[in-house]
Structure formats: C-alpha cells, structure tokens
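The values are calculated or read from the model by the stated rules, or taken from the named source; none is laboratory data. As the structure is a prediction and not an experimental result, all values here were calculated from the model. Here the Cβ positions follow ideal geometry from the backbone for every residue, glycine too, while neighbour counts run over all protein chains shown.
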Amino acid sequence: MTICRKTSPLIFIAFMLCSMTARAQYVGAITPPEKKLNIESEKLMHNFFTIKCGLFIPSDNNREESTSAADISNGKIAMQNGLFAEVGYGMKIGRKAVGFYCYPLLIAAYMSGFEFKDAINPDLREFTAAEIAQRYGLFYEPTKDLFMAAYYRPAIVAPVGFNSGDFTGALTLENGFARAMTTHTMGFSIQYSLISLSYEYYMGSPLMEIKNNTTDESVNKRVPLRMSIISVAFNF
C-alpha cells in the first residue's frame, strides 16, 4: 500500500505530461503556418501583328478572255493565278479556349501573274488591286500553341486596273468609295506557335472604268470577282 501511494502522484504527473505533449502535436498538425498564394489572372485580351503572303486562284469565269463589254460585266477579264500580301494588327478576346477574334486594321494587295514590273505598266498589267480590311470571327485554342479561327473579312477595294487585250480597266472615283467597292471574304485559319495557314474565299464586284482599246470608248461597270486564297502568315 505504501508503494502504491508513493507511485500514484508520479503516474498522474507522467499521464498529464503525455496528454499535454499529444495535444500540442495534434493542434500543430491541424493549424499549419498560413501560406499566401499569388495567382495571376489571365489576360482578357491578347494583341499581335501579322504579316501574310500567299497565292490567289481566280474562278474559271474570271480566267476567260473578254470580247465585249458584256463579257466584262460577267467577270471575264483574263485573270491568272497571282500573289496576295497582307499586313495588320489583330487581337483575341477571351480567357477560355473559345473566344472572339478580331483584326481592326488590315492592308492587302493583289497582283495577277508573277511579274512585278508588269503590275506598274498599264500596257502589261493584269488585275491589280489594294484593300483596307477588317476581320471578325471566333477562335478555338485547345492548347497554348495551337489556335484555330473561322472569320468574316469585309474590305474596301481599290482596283488599280487590268488589261485583257481589247479592254482595260481602271479605278474610278465617280461615285466615291461607295458600297460598290465592298468585298466579302469567308476564311478559316489554323496556327501553331507563330505560323498560321489560311484558306479564304473572296467575293466582290468593284466598280471600274472599262475602256475599249479599239474604239477608245469608256463605260463604268461593276466587275464580279471570285477567288480562292491560300496563304501563310507570321504572327507576333
């Protein structure tokens, strides 16, 4: 009995020390030091510039030669495959994989044939034109480096002119840059990293001054144009 009475206080003290130690460990486990997380929000808008060049392929009707002014009205201006170039500023808007795609300013040029010196010679020039355009559409970005977009591209065209032999065409500003100078293009683009490939279908009927080279008579007519454009662009 004497031994039990002497050891009881010691057992009680040991029990209390073990309980306090266990409690301290338990509290420490559930209350770790607070950590601050810095999460950067993704940008809503991404801006970039583009430089594009490619090949345009006119429709079969635009390839045919004209023998009368009526043929010109049907788009027969003896066009050949030619070169296309475009520069501009664009943006994509959205934080998710799908968003809005826009180019507020594009400047483009077209040249039928592949001889640059012919484009500045009225006697040799095939169809040549310049454009100011915009582009609107939707994009899908499944990964960081892969980007796809479908878009609509309205533009105001300034046809420098063409020479189909018996007839020549030139820009006319008789009615200003009215609705007759508007062109419409539907396109699809796929981009990996900084390089993109595009296919576009181009439609327009610009107003031009058509001159009959045999009679020197001139008349203003709208010339329907249809082209497929295949291009590669560098975006940065």
Of residues in segment 147-183 being in contact with a Pro (Cβ under 6 Å, 6 or more places away or on another chain) and in a strand (DSSP E or B), the one surrounded by the fewest Cβ atoms within 10 Å (Cβ to Cβ): Leu171
Meets criteria (outside any helix (DSSP H, G or I), assigned by TED's automatic domain parsing to the domain that holds Val219, without any contact (Cβ under 8 Å) to a residue 60 or more places away in the chain and among the hydrophobic types (A, V, I, L, M, F, W, C)) for Ala85: yes
Among the residues listed as Asp118, Asp123, the single one being among the charged types (D, E, K, R), surrounded by fewer than 21 Cβ atoms within 10 Å (Cβ to Cβ) and touching a Leu at 6+ places or on another chain (Cβ under 7 Å): Asp118
Qualifying residue in segment 102-120 (condition: farther than 27 Å from Ile195 by Cα, over 18 Å from the mean Cα position of the chain (by Cα) and among the aliphatic types (A, V, I, L, M)): yes
Given (1) more than 21 Å from Ala85 (Cβ to Cβ); (2) under 13 Å from the mean Cα position of the chain (by Cα); (3) of a type outside the set (Ser, Thr, Tyr); (4) surrounded by fewer than 16 Cβ atoms within 10 Å (Cβ to Cβ), index of the condition Phe139 fails: (4)
All positions within segment 126-136 that are within 18 Å of Ile230 (Cβ to Cβ) and either surrounded by fewer than 18 Cβ atoms within 10 Å (Cβ to Cβ) or basic (Lys, Arg) (or both): Arg135
Any chance Ser68 is polar (S, T, N, Q) and either touching a residue at least 40 places away in the same chain (Cβ under 8 Å) or touching a Lys or Arg at 6+ places or on another chain (Cβ under 8 Å) (or both): no
Test: residue in segment 217-229 that is part of a loop (DSSP other than H, G, I, E, B) and modelled with pLDDT under 90: no
Of all residues in segment 206-216 being in contact (Cβ under 8 Å) with a residue 40 or more places away in the chain and not in a strand (DSSP E or B), the one that is farthest from Asn61 (Cα to Cα): Thr214
Among the residues listed as Gly54, Gly75, Gly99, the single one being surrounded by 12 or more Cβ atoms within 10 Å (Cβ to Cβ), modelled with pLDDT of 85 or more, assigned by TED's automatic domain parsing to the domain that holds Phe147 and farther than 30 Å from Phe167 by Cα: Gly99
